[in-house]
Amino acid sequence: MTPIPDDLKRRQTVLVGDLEQLDTHPVPSWDDARLAFLSDLSRALLAAPGVREFPDVVTFAYWCRKANLQALKDKLSRPERLQMGLGLVFHICPSNVPINAAFSLAFGLLAGNTCVLRLPSASTPTLDLLVETLKTLLNTPEHANLQSALFMLRYERDDDVNAYWMGCADGRIVWGGDETVQRMRAYPAPAHSREVMFTDRYSLCVLKVEAVEGLGDEELNAFCQKLYNDIYLMDQAACSSPQLIAWVGDGERVRKAQDKLWPVFADFADERYLLEPIQSMDKFVEASNNACTNTHIQSVKRQGRSLYRVQLDGLSSDQSACRGYSGTVHEVTLGTLEELTPSVTERYQTLTYFGYGPDEVSNYAKTAHLRGVDRIVPVGQALDMDAIWDGFDVIASLSRIVDVR
């Protein structure tokens, strides 16, 4: 690896690690020391003062607890194989979902790599807590050996710095919109370098009308909690948050089911969701723009303080461009699940479902030969990040199998 030129060092702020100690030698994937480090990171984050105010941090901390990591290792590793990291993996972390920097780091470490992460320029409470906790852990004797394999940086837009890291990375992982991904791909990389690119995606939810009709009061509240988590916890800024609600069933029955669900859901959201004035204005502007440009829009209904329902009479070929944030759902009524098929492009990521069995939805995706949809999960699990994401086994993609005979 080419030493980092002094002028490039000066243009970066190193938040975690000392670049003078950077070591690009890989270790075996699922290394026990790294599992222990992440497990301790989980405990440290959960013990941090005020952490309950950060549900995204709590979610990550539960994900990297010892039992879950061991379950992932049991599921994804092949002990009879020699699986090694690539070397140095450079991460471009997202600004819309800050906690994904933590998941990106975990994937890179578990694969067996040295990880250099470029954090978003703007500081956030989530990233501040993560950075301080990592610095504390790396200063303990148990985890000092990871000081040469874990680095977090910030720098302004800088082609020279980007080119340096992209040019020496054995792997690169980029979270961002399509424009960011295309820009990062333009930097030359070593011929052997691998890349995992998370582009802009679109997600939806399918509801079978009979299932909503059959909900009792207690079940309806439980369902609202799950749907709330999917829609509101990340303000629909996450690619996996549903933008479209597709009701499947007879039109009149759907209208009655909507009258049953949405008032209860809107009250549920109003009690929990803090809608900032700028979000309220952005929602109104976005809904107005959609109403002017999408010929399928029949009406826009404001339900309670926190929910906009944009009702559609059909799906367009560019449905993935029809979006909203902070509690805006587009609704359509379909006679069958198969009516979704013409709209599903490669941009579709997560399909959440209610009223269907997993085999039923999986068989639909298979027989319809869908070009898109990489995740099919029950309502309530849209935001559950995992090592299988966007169709990648991320840890496998950032490691290599050594053929030993």
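Some points to look at:
- Filter result for the condition that a residue is open to solvent by less than 10 Å² (accessible area, probe 1.4 Å), in contact (Cβ under 8 Å) with a residue 40 or more places away in the chain and in a helix (DSSP H, G or I), over LEU127, LEU134: LEU134
- Close pairs from region 190-205: first closer than 19 Å to ASN162 by Cβ, partner buried (at least 21 other Cβ atoms within 10 Å of the Cβ) and of a type in the set (Phe, Trp, Tyr), Cβ under 6 Å, at least 6 apart: PHE198/TRP175
- Conditions (1) in contact with a Phe, Trp or Tyr (Cβ under 9 Å, 6 or more places away or on another chain); (2) of a type in the set (A, V, I, L, M); (3) open to solvent by 10 Å² or more (accessible area, probe 1.4 Å); number of the one not met by MET84: (1)
- Of the strands (runs of 3 or more DSSP E) contained entirely in region 57-118, those carrying at least 1 residues that are over 21 Å from VAL181 (Cβ atoms) fall at 82-85, 114-118.
- When residues of region 382-396 are limited to those that are among the aliphatic types (A, V, I, L, M) and part of a loop (DSSP other than H, G, I, E, B), the one farthest from ALA61 (Cα to Cα): ALA382
- Those residues of region 311-352 which are under 19 Å from LYS208 (Cα atoms) and in a loop (DSSP other than H, G, I, E, B), in sequence order: ASP313, GLY314, LEU315, GLY335, THR336, VAL344
- Conditions (1) over 21 Å from SER397 (Cβ atoms); (2) more than 21 Å from the chain's Cα centre (by Cα); (3) in a helix (DSSP H, G or I); number of the one not met by ARG157: (3)
Residues checked against (1) touching a strand residue (DSSP E or B) at 6+ places or on another chain (Cβ under 9 Å); (2) farther than 21 Å from CYS64 by Cα:
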{"position": "ALA111", "(1), (2)": "yes, no"}
{"position": "THR114", "(1), (2)": "yes, no"}
{"position": "THR136", "(1), (2)": "no, no"}
{"position": "ASP159", "(1), (2)": "no, yes"}
{"position": "TYR164", "(1), (2)": "no, yes"}
{"position": "MET197", "(1), (2)": "yes, yes"}
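- Looking only at region 159-178, residues that are open to solvent by 30 Å² or more (accessible area, probe 1.4 Å) and within 19 Å of PRO98 (Cβ to Cβ) come to 1 in all.
- Candidate set: region 376-405, residues that are charged (D, E, K, R) and open to solvent by 20 Å² or more (accessible area, probe 1.4 Å); chosen: the one nearest to GLN83 (Cα to Cα): ARG400
- Within region 313-342, no residue satisfies the criterion of being open to solvent by less than 10 Å² (accessible area, probe 1.4 Å) and without any contact (Cβ under 8 Å) to a residue 40 or more places away in the chain.
Residue-by-condition table, conditions (1) within 24 Å of ILE376 (Cα to Cα); (2) of a type in the set (Gly, Ala, Ser):
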{"residue": "ALA291", "(1), (2)": "no, yes"}
{"residue": "ILE297", "(1), (2)": "no, no"}
{"residue": "ARG302", "(1), (2)": "no, no"}
{"residue": "SER306", "(1), (2)": "no, yes"}
{"residue": "THR341", "(1), (2)": "yes, no"}
{"residue": "TYR348", "(1), (2)": "yes, no"}
{"residue": "GLY355", "(1), (2)": "yes, yes"}
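- Of all residue pairs spaced 6 or more apart or on separate chains, none has beta-carbon atoms under 6 Å together with a first member in region 53-79 that is within 18 Å of ALA33 (Cα to Cα) and a second member that is open to solvent by 70 Å² or more (accessible area, probe 1.4 Å) and among the aliphatic types (A, V, I, L, M).
- The one condition in (1) of a type in the set (Asp, Glu); (2) surrounded by fewer than 20 Cβ atoms within 10 Å (Cβ to Cβ); (3) touching a Leu at 6+ places or on another chain (Cβ under 9 Å) that GLU142 fails to fulfil: (3)
The values are calculated or read from the model by the stated rules, or taken from the named source; none is laboratory data. Just so it is clear, the model here is predicted, and its values are computed rather than measured. When we count neighbours, we look across all protein chains shown, and the Cβ atoms used for this are built from the backbone with ideal geometry, even at glycine. Keep in mind that these areas ignore ligands, DNA and RNA; they rest on the heavy atoms of the full protein, side chains included. Shrake-Rupley method; radii C 1.70, N 1.55, O 1.52, S 1.80 Å.
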